[in-house]
Amino acid sequence: MGFFDLFKKKKVEETTADVAPVTTEEQQAIAREEEQQAQAQAEVERKELEAGLEKTKEGFFGKLKRAIAGRTTVDADVLDDLEEVLITSDVGVDTTVKIIKRIEERVARDKYLNTEELQHILRDEIAQLMEESHRSTEDFGIEVKEGTPFVLMVVGVNGAGKTTTIGKLAAQLTKAGRKVYIGAADTFRAAAIDQLAVWAERAGATMVRQEMGSDPASVAYDTLRSAVANNADVVLIDTAGRLHNKVGLMKELTKIRNVMSKVIPDAPHDVMLVLDGSTGQNAFEQAKQFTEATQVTSLTITKLDGTAKGGVVIGISDKFHIPVRYIGIGEGIDQLKMFDRKEFVRAMFGDAK
Ligand SMILES: Nc1nc2c(ncn2[C@@H]2O[C@H](COP(=O)(O)OP(=O)(O)OP(=O)(O)O)[C@@H](O)[C@H]2O)c(=O)[nH]1
Ligand SMILES: [Mg+2]
């Protein structure tokens, strides 16, 4: 069930509380309508995801089709070509080797494995490599806690899409009926604060800010204090993307974390690294740097529209054992999607059954 349905359900409950009780038939009609709407919404989501991943699909699936064209059984040549397809789709060497090894094992067991079956196996293996990321689709996948705000700190290099992702996320959460506070802890550029303010307004969220150049940890502290005082449900903390050097980055992020835990002892509840998927192998390098500098608990991979390098999602998720929470498939406010590994693989393989 998507968040739209939940929101709708809450509304139905509210409006029916103090009016005449509805009949069983009416209830059934409501349930049917809700189910139809949920299905229609799921179909829209699927189409949007497919459109956003079109280039990756064309690249990956196109290469795969060419590699297996005219061949019936999976032999050493097919596996060699498959290896090349995975590497050139930015899956990364380590993950590619892992996938090929698993398929070799299947071939050893079933010598006449055909190329159609290969696609099924490949889908399964790829989906299994990635971590499951959402326990529920409620609140756009954020595990809102009753009584204390859920604190999500967003990190990543310049231009990765942190501010945009926070804006999109805030919009989904307010739509789901949640009270959202945003901390402008990227105090490096005045434009960064203004950009975040525009997103906060569009999303209907409250932004806490200080002057440009002020201490990011102090902004984070103020934001949490204010969020607690006003019973906010979710706090999103934007940070600066300068990857000056690892020690500097580590110090800054540690300071922000420590200060936040003074207000809410177990905050931040999630540290989300935002990576620009269109940078391909560079995104692997950034993931390495950030995971060494701080404890990263989730990932968002942006700009998957307009790039054929979507394979990075598979390799990064596998290599760093960190779940992908969201993917960005456009600049629009609703172009952030909850990551679902099965849907992702499905979009990558197109309609192949
Ligand atoms: N096509 C596309 N563009 C995106 C996506 N996410 C972000 N962008 C664009 O990427 C650019 C940089 O995004 P920001 O959100 O400003 O990046 P940032 O990480 O906050 O950057 P700094 O504040 O400089 O550290 C903007 O032009 C965004 O519109 C996406 O999923 N798809
Ligand atoms: Mg920014």
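The values are calculated or read from the model by the stated rules, or taken from the named source; none is laboratory data. Not measured: the values here are computed from a predicted model. Heads up, the Cβs are rebuilt from the backbone with ideal geometry, glycines too, and the neighbour counts pull from every protein chain shown.
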Requested in this report: Give the residue that is farthest from Ser278 (Cα to Cα), with candidates limited to residues of the range 142-163 that are surrounded by fewer than 22 Cβ atoms within 10 Å (Cβ to Cβ) and away from ligand 2 (no atom under 16 Å from the Cβ).
Outcome: Gly147
Report summary line: Taking the range 191-247 and keeping only residues that are among the hydrophobic types (A, V, I, L, M, F, W, C) and over 27 Å from Gln335 (Cα atoms), one is left with Met212, Ala217, Val219, Leu224, Val228, Ala229, Val247
Query - Flag for Leu224 being within 16 Å of ligand 1 (Cβ to nearest atom) and surrounded by 15 or more Cβ atoms within 10 Å (Cβ to Cβ) - result: no
Report summary line: The condition from (1) more than 16 Å from ligand 2 (Cβ to nearest atom); (2) closer than 18 Å to Asp334 by Cα; (3) at pLDDT 90 or above; (4) not acidic (Asp, Glu) that Lys168 misses is numbered (1)
Report summary line: Exception for Thr239 within (1) in contact with an Asp or Glu (Cβ under 8 Å, 6 or more places away or on another chain); (2) away from ligand 1 (no atom under 16 Å from the Cβ); (3) among the β-branched types (Val, Ile, Thr) falls at (2)
Query raised in the report: Among the listed residues Val44, Val22, which satisfies the condition of being part of a helix (DSSP H, G or I), out of contact with any Leu (no Cβ under 8 Å at 6 or more places or on another chain), exposed (fewer than 14 other Cβ atoms within 10 Å of the Cβ) and among the β-branched types (Val, Ile, Thr)?
Result: Val44
Query - Residue within the range 204-227 that is within 22 Å of the chain's Cα centre (by Cα), at pLDDT below 95 and more than 15 Å from Leu152 (Cβ to Cβ) present - result: no
Requested in this report: Select from the range 254-283 the residues that are away from ligand 1 (no atom under 14 Å from the Cβ) and of a type in the set (A, V, I, L, M) and list them in ascending order.
Outcome: Ile256, Val259, Met260, Val263, Ile264, Ala267, Val271
Query raised in the report: What is the residue count in the range 133-171 for residues that are within 14 Å of ligand 1 (Cβ to nearest atom), within 30 Å of Glu285 (Cβ to Cβ) and not in a strand (DSSP E or B)?
Result: 15
Query raised in the report: Which one of Glu252, Glu201 is in contact with a His (Cβ under 9 Å, 6 or more places away or on another chain) and not aromatic (Phe, Trp, Tyr)?
Result: Glu252
Requested in this report: Could you please find all residues in the range 47-66 being more than 28 Å from Asn114 (Cβ to Cβ), touching a residue at least 24 places away in the same chain (Cβ under 8 Å) and surrounded by fewer than 15 Cβ atoms within 10 Å (Cβ to Cβ)?
Outcome: Ala51
Query - Filter result for Phe320 (of a type outside the set (S, T, N, Q) and farther than 30 Å from Asp222 by Cβ) - result: yes
Query raised in the report: For the range 103-120, what are the residues that are crowded, with 17+ Cβ neighbours inside 10 Å and either in contact (Cβ under 8 Å) with a residue 60 or more places away in the chain or within 21 Å of Lys319 (Cβ to Cβ) (or both)?
Result: Ile103, Gln119
